[in-house]
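Reviewing the structure listed below.
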Amino acid sequence: MSTSLGELRLVQPSTVKEAVAARFEHPGSRFIAGGTDLIVNMRRGIIRSDLLVDLSGIDELTEITTDGLDVTIGAGVTLAALAHNSEIAGRYRALAQAAEAIAAPGHRVIGTVGGNLCLDTRCIYYNQSEWWRSAHAYCLKNRGDVCHVAPQGKRCHAAFAGDLAPALLVLGAEIDIASAQGVRRIPLSELYVEDGKAHLALADGELLVALHLPLNPPPSGYAKVRLRGAIDFPLAGVAVALAASGPNVNSLRIALTGTNSRPFLVAGTEPFAGRPIDEKLLHELDRLVQKQVQPMRTTIASANYRRIAAAALTRRLVKKLFAEGAA
């Protein structure tokens, strides 16, 4: 059962400056681009707002450009455009693979890069209809005071399930954030917090407007497991960037999504540099990933399955990237 959206007002700015000014002038309003996540949550009564700031008419958000220093991707670029861009596919394969793996073709045509990076966290106790949540008792993330996943804990354990973030993390992305005070640039990793209720380090009214990628990244790849072969969010998603010299690792970066309340880079991969990619290294990687992922009972799949799947995907991607580089 869905909740009626009621009467909505729409503001349609033509520049980023106008968009952040509109949000500043209307507390409680929301930015909307593709709306594939926001509108569903509004219909479920999870998010309430009577004014939306529509970003679809801001041309600067929809561009992919190269200036000789980096590649800039606007936050309004659609997932379909990202997946089908030849430069992205050739230079940043993990990013193209992640974009292609999101939801279904109809979602990718309207869903945006910024929307996927700022995706709300998910949980079986949160992503429900209004009558279901009210009957079960509201959770810590929405009008309640207890996390039903971990009732004795002090924070929400809803999981982040965006696909683009881990790919961008291993590729070393930085992001531009606009507000009424101007634009700031930060590493993408600083956007996220390990708290399902407040997982984005964005002040009220701030807008993610673009991301920047270095021109010469190492080879990369992305893979995920989900309940169905399409449409579903990742139960665990892994991105790997691997540079090798002969049989040895030069650099290795691994990032995950779907298991924690934030997407994150796996810590402790630096000591693998200079070592051969053999079964001993892969076994150590398996243990490293399993130790750092923190899946909870936020989906219908078990936490242990998601932990093992994350480690298995990591091993598979490392072996695949190494084999392709050695070919």
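Please work out if residue 254 is among the β-branched types (Val, Ile, Thr) and over 21 Å from residue 171 (Cα atoms). Quick ask: steps written out before the conclusion?
Details: among the β-branched types (Val, Ile, Thr): yes; over 21 Å from residue 171 (Cα atoms): no.
When the stated conditions are applied, residue 254 does not pass them.
Pick out the one residue from 201, 137 that is closer than 20 Å to residue 265 by Cα and among the small types (Gly, Ala, Ser). If you could, list the steps in order and put the result at the bottom.
Values: 137 fails: closer than 20 Å to residue 265 by Cα.
Testing whether each residue is closer than 20 Å to residue 265 by Cα and among the small types (Gly, Ala, Ser) leaves just 201.
Out of contact with any Leu (no Cβ under 6 Å at 6 or more places or on another chain), small (Gly, Ala, Ser) and in contact (Cβ under 8 Å) with a residue 40 or more places away in the chain: is that true of residue 6 in this structure? If you could, list the steps in order and put the result at the bottom.
Numbers: out of contact with any Leu (no Cβ under 6 Å at 6 or more places or on another chain): yes; small (Gly, Ala, Ser): yes; in contact (Cβ under 8 Å) with a residue 40 or more places away in the chain: yes.
Answer is yes for this residue.
Taking the condition in contact with an Asp or Glu (Cβ under 6 Å, 6 or more places away or on another chain) and touching a residue at least 60 places away in the same chain (Cβ under 8 Å), does residue 170 pass?
Working: in contact with an Asp or Glu (Cβ under 6 Å, 6 or more places away or on another chain): no; touching a residue at least 60 places away in the same chain (Cβ under 8 Å): yes.
It is false that residue 170 is in contact with an Asp or Glu (Cβ under 6 Å, 6 or more places away or on another chain) and touching a residue at least 60 places away in the same chain (Cβ under 8 Å).
Which residue out of 281, 317, 265, 252 is more than 24 Å from residue 213 (Cβ to Cβ), of a type outside the set (Gly, Ala, Ser) and touching a residue at least 24 places away in the same chain (Cβ under 8 Å)? Steps first, please.
Numbers: 317 fails: more than 24 Å from residue 213 (Cβ to Cβ); 265 fails: more than 24 Å from residue 213 (Cβ to Cβ); 252 fails: more than 24 Å from residue 213 (Cβ to Cβ).
So the residue among 281, 317, 265, 252 that is more than 24 Å from residue 213 (Cβ to Cβ), of a type outside the set (Gly, Ala, Ser) and touching a residue at least 24 places away in the same chain (Cβ under 8 Å) is 281.
When you scan region 258-278, do you find a residue that is among the basic types (Lys, Arg) and either at pLDDT 95 or above or surrounded by 14 or more Cβ atoms within 10 Å (Cβ to Cβ) (or both), even just one? Please lay out each step first, then the result.
The initial filter retains those residues of region 258-278 that are among the basic types (Lys, Arg), namely 262, 275.
Checking which are either at pLDDT 95 or above or surrounded by 14 or more Cβ atoms within 10 Å (Cβ to Cβ) (or both) leaves us with 262, 275.
Among the residues of region 258-278, at least one is among the basic types (Lys, Arg) and either at pLDDT 95 or above or surrounded by 14 or more Cβ atoms within 10 Å (Cβ to Cβ) (or both), which makes the answer yes.
Pick out the one residue from 172, 182, 205, 229 that is surrounded by fewer than 17 Cβ atoms within 10 Å (Cβ to Cβ) and on the phi > 0 side of the Ramachandran plot. Let's see the steps before the verdict.
Details: 172 fails: surrounded by fewer than 17 Cβ atoms within 10 Å (Cβ to Cβ); 205 fails: surrounded by fewer than 17 Cβ atoms within 10 Å (Cβ to Cβ); 229 fails: on the phi > 0 side of the Ramachandran plot.
Answer to the check: 182.
Of the residues that sit in region 88-119 and are in a loop (DSSP other than H, G, I, E, B) and in contact with an Asp or Glu (Cβ under 7 Å, 6 or more places away or on another chain), which one is nearest to residue 32 (Cα to Cα)?
Just the residues of region 88-119 that are in a loop (DSSP other than H, G, I, E, B), to begin with: 92, 101-104, 111, 118-119.
Now drop any that are not in contact with an Asp or Glu (Cβ under 7 Å, 6 or more places away or on another chain), which leaves 101-102, 119.
Details: 101: 22, 102: 18, 119: 12 Å.
The residue in question is 119.
With the condition kept exactly as written, say whether any residue in region 150-164 is surrounded by 22 or more Cβ atoms within 10 Å (Cβ to Cβ) and either at pLDDT below 95 or more than 15 Å from the chain's Cα centre (by Cα) (or both).
Filtering region 150-164 for residues surrounded by 22 or more Cβ atoms within 10 Å (Cβ to Cβ) gives 156-164.
Checking the rest, the ones that are also either at pLDDT below 95 or more than 15 Å from the chain's Cα centre (by Cα) (or both) come to 156-157.
The answer is yes, given that some residue of region 150-164 is surrounded by 22 or more Cβ atoms within 10 Å (Cβ to Cβ) and either at pLDDT below 95 or more than 15 Å from the chain's Cα centre (by Cα) (or both).
Has region 299-306 got any residue that is in the same structural domain as residue 237 (by TED's automatic domain parsing), in a helix (DSSP H, G or I) and either under 15 Å from residue 239 (Cβ atoms) or without any contact (Cβ under 8 Å) to a residue 60 or more places away in the chain (or both)? Give the derivation first.
Just the residues of region 299-306 that are in the same structural domain as residue 237 (by TED's automatic domain parsing), to begin with: 299-306.
Narrowing further to those that are in a helix (DSSP H, G or I): 303-306.
The next check asks that each one be either under 15 Å from residue 239 (Cβ atoms) or without any contact (Cβ under 8 Å) to a residue 60 or more places away in the chain (or both); those that pass are 303-304.
Yes.
Looking only at region 22-46, filter to residues that are more than 18 Å from residue 114 (Cα to Cα) and in contact (Cβ under 8 Å) with a residue 40 or more places away in the chain; which one of those is surrounded by the fewest Cβ atoms within 10 Å (Cβ to Cβ)?
My answer is 27.
Sort through 10, 51, 119 and tell me the only one that's under 20 Å from residue 162 (Cα atoms) and either in contact with a Lys or Arg (Cβ under 6 Å, 6 or more places away or on another chain) or not acidic (Asp, Glu) (or both).
After applying the criteria, what remains is 119.
Is it the case that some residue within region 204-221 is assigned by TED's automatic domain parsing to the domain that holds residue 112, assigned to a strand (DSSP E or B), of a type in the set (Gly, Ala, Ser) and more than 22 Å from residue 18 (Cα to Cα)?
yes
The values are calculated or read from the model by the stated rules, or taken from the named source; none is laboratory data. Worth saying up front: this structure is predicted, and the values here are computed from it rather than measured. Neighbour counts run over all protein chains shown; Cβ positions are idealised from the backbone, glycine included.
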